[in-house]
Each structure stands twice: as structure tokens, then as C-alpha cells.
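Report on the structure given below.
The values are calculated or read from the model by the stated rules, or taken from the named source; none is laboratory data. Given the structure is predicted, the values throughout are model-derived calculations rather than measurements. When we count neighbours, we look across all protein chains shown, and the Cβ atoms used for this are built from the backbone with ideal geometry, even at glycine.
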Amino acid sequence: MEQSYELMTGILHFAAYFGLSLVLLIAFKYLYALVTPHDEWKLIREDKNVAAAIGFGGAVLGFAIALGGAASNSVSLLDFATWAVIALVAQLLAFAITRFLFIPRIVSRIEEGEISAGVMLAATTIAVGVLNAACMSY
């Protein structure tokens, strides 16, 4: 009987964390698209811009990696949500640092479909996600 209770409790915790993760991932996709000066959705859907898809996909993947770290190391759902927001801010900062310090023309290069720019943006945001996840292991 107790084993069934523990299993159900585990399933409920999984559902809560996984559900919140999906909500946060969707929120991140919209917030990231909102803060970038180029329209990822248009570039990807209408223009079939591979550079935009690579850059945006890397940002989403980087955030998902950070979310995984937050979920693995959190002690409660509130703790998880707090670290997820920190991860979200870190990912947005990664874009800003890339745009303003490392590759000032990143936006125009992605809009022009330059794949190397998309790859560099993706690599940077994935790296930030990995570091983010690792630093959450307190």
C-alpha cells in the first residue's frame, strides 16, 4: 500500500515539475522572441531562414538545459520556479552580451541568413545553459 502511495506521489511531483517546465519553456520562447530585435517567428516560418532557426533553437535548447539543472537541484516547486527565472534572465543576457559585445552585427547577419552567425548565437546560448545548469548544483 505504501509503495503505491509513493509511486502516486512521485507521479504527481513529476507532473508538476514537467508541467511547469513546459509552461516556462513556452514563456521563454515568447519572451526571447520579444526581446530580440528581429522577428524569429517570421524569419523561421515565412522566410525559411536557417540562421534564425539555428540561433533560436540554440536559445531554447540552452534554456531547457538550464531548466533541467534547476529541476534536478531544486528542493521544492517554488525553488525550481525561482531558479528557472534566474536561468531565463541569464539566457536573455547571453543574447544581449553576444549582440552588444561579441558580434555587434548579429541581428542583421541572422536576418540576412548568415548561418555562421546563427551557429555562434546557438553555441553561446547553449554554453550559457550548460554553465547555468552546472552552477545550480548547490
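I'd like to verify a number: residues in the range 4-22 that are over 18 Å from Ala66 (Cβ atoms) and in contact with a helix residue (DSSP H, G or I) (Cβ under 9 Å, 6 or more places away or on another chain), how many?
Quick first cut of the range 4-22, residues over 18 Å from Ala66 (Cβ atoms) only: 4-16.
With the extra rule that they be in contact with a helix residue (DSSP H, G or I) (Cβ under 9 Å, 6 or more places away or on another chain), the set shrinks to 13, 16.
Result for the range 4-22: 2.
Sort out which residues of the range 99-138 are hydrophobic (A, V, I, L, M, F, W, C), assigned to a loop (DSSP other than H, G, I, E, B) and in contact (Cβ under 8 Å) with a residue 60 or more places away in the chain, and write them in order of number. First the steps, then the outcome.
Of the range 99-138, the ones hydrophobic (A, V, I, L, M, F, W, C) are 100-103, 106-107, 110, 115, 117, 119-123, 126-128, 130-131, 133-136.
Those still in the list that are assigned to a loop (DSSP other than H, G, I, E, B) too: 103, 136.
The answer is Met136, and nothing else.
Here's the yes/no breakdown for (1) buried (at least 16 other Cβ atoms within 10 Å of the Cβ); (2) without any contact (Cβ under 8 Å) to a residue 24 or more places away in the chain; (3) assigned to a helix (DSSP H, G or I):
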position	(1), (2), (3)
Leu61	no, no, yes
Ile65	yes, no, yes
Asp79	no, yes, yes
Gln91	yes, no, yes
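Quick check on the range 96-117. Is at least one of its residues surrounded by 17 or more Cβ atoms within 10 Å (Cβ to Cβ), within 30 Å of Thr9 (Cα to Cα), in contact with a Gly (Cβ under 7 Å, 6 or more places away or on another chain) and of a type outside the set (Lys, Arg)?
Within the range 96-117, none of the residues are surrounded by 17 or more Cβ atoms within 10 Å (Cβ to Cβ), within 30 Å of Thr9 (Cα to Cα), in contact with a Gly (Cβ under 7 Å, 6 or more places away or on another chain) and of a type outside the set (Lys, Arg).
Could you tell me whether the range 44-59 includes any residue that is buried (at least 19 other Cβ atoms within 10 Å of the Cβ), under 18 Å from Val128 (Cα atoms) and touching an Asp or Glu at 6+ places or on another chain (Cβ under 6 Å)?
Yes.
If you scan the range 1-42, which residues turn out to be of a type in the set (S, T, N, Q) and assigned to a helix (DSSP H, G or I)?
If we filter the range 1-42 for residues that are of a type in the set (S, T, N, Q), which is where we start, we get 3-4, 9, 21, 36.
Selection gives Gln3, Ser4, Thr9, Ser21.
Which ones in the range 72-82 are modelled with pLDDT under 95 and in contact with a helix residue (DSSP H, G or I) (Cβ under 6 Å, 6 or more places away or on another chain)?
Passing the criteria: only Ser74.
Looking at (1) closer than 24 Å to Ala133 by Cβ; (2) modelled with pLDDT of 95 or more; (3) of a type in the set (D, E, K, R), which is the only condition Glu111 fails?
Result: Glu111 passes all but (1).
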